[in-house]
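Q: Here it is, the structure in full.
The values are calculated or read from the model by the stated rules, or taken from the named source; none is laboratory data. None of the values given here were measured: they were computed from a predicted structure. Note that we place each Cβ from the backbone using ideal geometry, even for glycine, and neighbour counts take in every protein chain shown.
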Amino acid sequence: MRRVVVTGIGIWSCIGHNRLEVTQALRAGRSGIGYDESRSEYGFRCPLTGIVDTPDLKAFLHRRLRTGMSQEAQYAYMATREAFEQAGVDEQYLLENEVGVLFGNDSTALPTVEMHELMLQKHDTALLGSGLIFQSMNSTVNMNLSTIFHLRGINFSVSAACASGSHSIGLGTMFIRQGLQNMVLVGGAQEVNPYAMAAFDALGTFSARVNDPARASRPFDTDRDGLVPSGGAAALVLEDYDHAIARGATILAEVCGYGFSSNGGGISQPSSEGSYIAMQRALADAGMSADDIDYVNAHATSTKQGDEQEAIALTRLFGGKRAWVSSTKSMTGHECWMAGASEAVYSILMMQQGFVAPNINLEHIDPAAATLHLATQTTETSVRTVLSNSFGFGGTNSAIVLRKPQD
């Protein structure tokens, strides 16, 4: 079976617009969460969100290409530019070689609303223009990336709620392992606008700490009162090991294991058993045990039930073990469809720099997580192996095992 490695990563998030900015934020334990007045005016019960800047693409892309790009596709473009640059993949390489794209995305609300409002005003579909159709399709991210970067391999969206980005890594790994592709661009993207999150707010799962945004996301803390939505995009270049070596690429990490499961229960109910199965499968796929893991990037979103169920599953595997555990969502909020990809990027950055990012705002540890080795502050340590969890509505679970390149 072919080995799969990561040769490039890119990130556009609420804690930074590139690898350097994000690494600094992770080390500093700096939150990217803020108050969005427009959400309050729109009718949100909780107007907190990750504050994600909109990139200016005029310097990079012709208007013809920008027309069909949704908000999340714009974020993904910036993350992909950075990932390909680090991987040493230029336009000439992309024109001469087949590269696939699998991106996690599970909504595209803004252009749908814009189309509806235009129709209410104009009552004429001819006035909608040509770009909104490409913005409004759930495959908006991968169709734009494949067009802009001349990607001619496997090409589809992974739509699996908050596990979308993680599943894209797992599926890309499978395509390469089976010899169907030598290189696949994978990742996840999440739009950041009120329309995308209004129905989510209606569920009452968002934090109500409106007077203290930076302290609102509190994974594993007994005083947590809900998640904070966020977004952006993350991209990873996956590659066959021998192919990477042959072209002289620098290997950042190896994808050693992919595990998955479905809870088969309530549509919004988390499951400790489902989480445990996904993690066990990822470890088995990697040929590892819990004792081999240095760091667990937990899914923990700061919801009462979700954190508790994951803590129960984590305790079965890592209770009393040496593996550090933290949730970077304490800083970023819940990046939803991109979370599995962004947290893989965050984990690789920690690997490279030798530290574990803190689970900020963790003041009173949930009893269910009492035996876990939770990182409440930045910890300088060697990170050679990582397990990263992602779980989503509908009971979809994904876990990825990453390993630092062998010396």
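Q: Filter region 164-204 down to the residues that are in a loop (DSSP other than H, G, I, E, B) and among the hydrophobic types (A, V, I, L, M, F, W, C) and list them by number.
A: Passing the criteria: L180, V192, L203.
Q: Here is a further query. Just a yes or no: is a residue in region 106-114 of a type outside the set (F, W, Y) and more than 25 Å from the chain's Cα centre (by Cα)?
A: yes
Q: Any idea which of T379, T332 is closer than 18 Å to A28 by Cβ and buried (at least 18 other Cβ atoms within 10 Å of the Cβ)?
A: T332
Q: Here are some residues: V52, V6. Which one is crowded, with 23+ Cβ neighbours inside 10 Å and under 30 Å from R177 (Cβ atoms)?
A: None of the others qualify; the one that does is V6.
Q: OK, next. Could you pull out the residue among S272, S302, S289 that is buried (at least 24 other Cβ atoms within 10 Å of the Cβ) and modelled with pLDDT of 95 or more?
A: S302
Q: Could you tell me whether region 56-72 includes any residue that is closer than 27 Å to T7 by Cα, over 23 Å from the mean Cα position of the chain (by Cα) and of a type in the set (F, W, Y)?
A: For region 56-72, residues closer than 27 Å to T7 by Cα, over 23 Å from the mean Cα position of the chain (by Cα) and of a type in the set (F, W, Y): present.
Q: Only one of S388, S382 is touching a helix residue (DSSP H, G or I) at 6+ places or on another chain (Cβ under 8 Å) and more than 22 Å from D223 (Cβ to Cβ); which?
A: After ruling out the rest, the residue left standing is S388.
Q: Determine the pairs where a residue that is over 20 Å from G8 (Cα atoms), located within region 55-76, has a partner that is part of a loop (DSSP other than H, G, I, E, B) and hydrophobic (A, V, I, L, M, F, W, C) with Cβ atoms under 6 Å apart, the partner being 6 or more residues away or on another chain.
A: Filtered contacts from region 55-76: R66/L57.
Q: Could you tell me how many of the residues in region 28-58 are touching a Leu at 6+ places or on another chain (Cβ under 9 Å) and under 21 Å from S217 (Cα atoms)?
A: Residues in region 28-58 being touching a Leu at 6+ places or on another chain (Cβ under 9 Å) and under 21 Å from S217 (Cα atoms): 5 in total.
Q: I've got another one for you. For region 252-289, how many residues meet the condition of being touching a residue at least 60 places away in the same chain (Cβ under 8 Å), under 19 Å from G394 (Cβ atoms), in contact with an Asp or Glu (Cβ under 9 Å, 6 or more places away or on another chain) and not in a strand (DSSP E or B)?
A: 3
Q: Of the residues S146, S164, S130, S157, which single one is of a type outside the set (A, V, I, L, M, F, W, C) and surrounded by fewer than 19 Cβ atoms within 10 Å (Cβ to Cβ)?
A: S130
Q: For region 296-406, which fully contained strands (runs of 3 or more DSSP E) count at least 3 residues that are within 23 Å of A235 (Cβ to Cβ) and touching a residue at least 24 places away in the same chain (Cβ under 8 Å)?
A: Those strands (runs of 3 or more DSSP E) span 385-392, 396-403.
Q: Something else now. Among the residues of region 215-232, which ones are out of contact with any Leu (no Cβ under 8 Å at 6 or more places or on another chain) and more than 10 Å from T49 (Cα to Cα)?
A: If the condition is that a residue be out of contact with any Leu (no Cβ under 8 Å at 6 or more places or on another chain) and more than 10 Å from T49 (Cα to Cα), then R215, T222, D223, R224, D225, G226, G232 are the ones that fit.
Q: Next question. Would you say S31 is crowded, with 21+ Cβ neighbours inside 10 Å, within 18 Å of V356 (Cβ to Cβ) and among the hydroxyl-bearing types (S, T, Y)?
A: Yes; evaluated as a whole, the condition is true for this residue.
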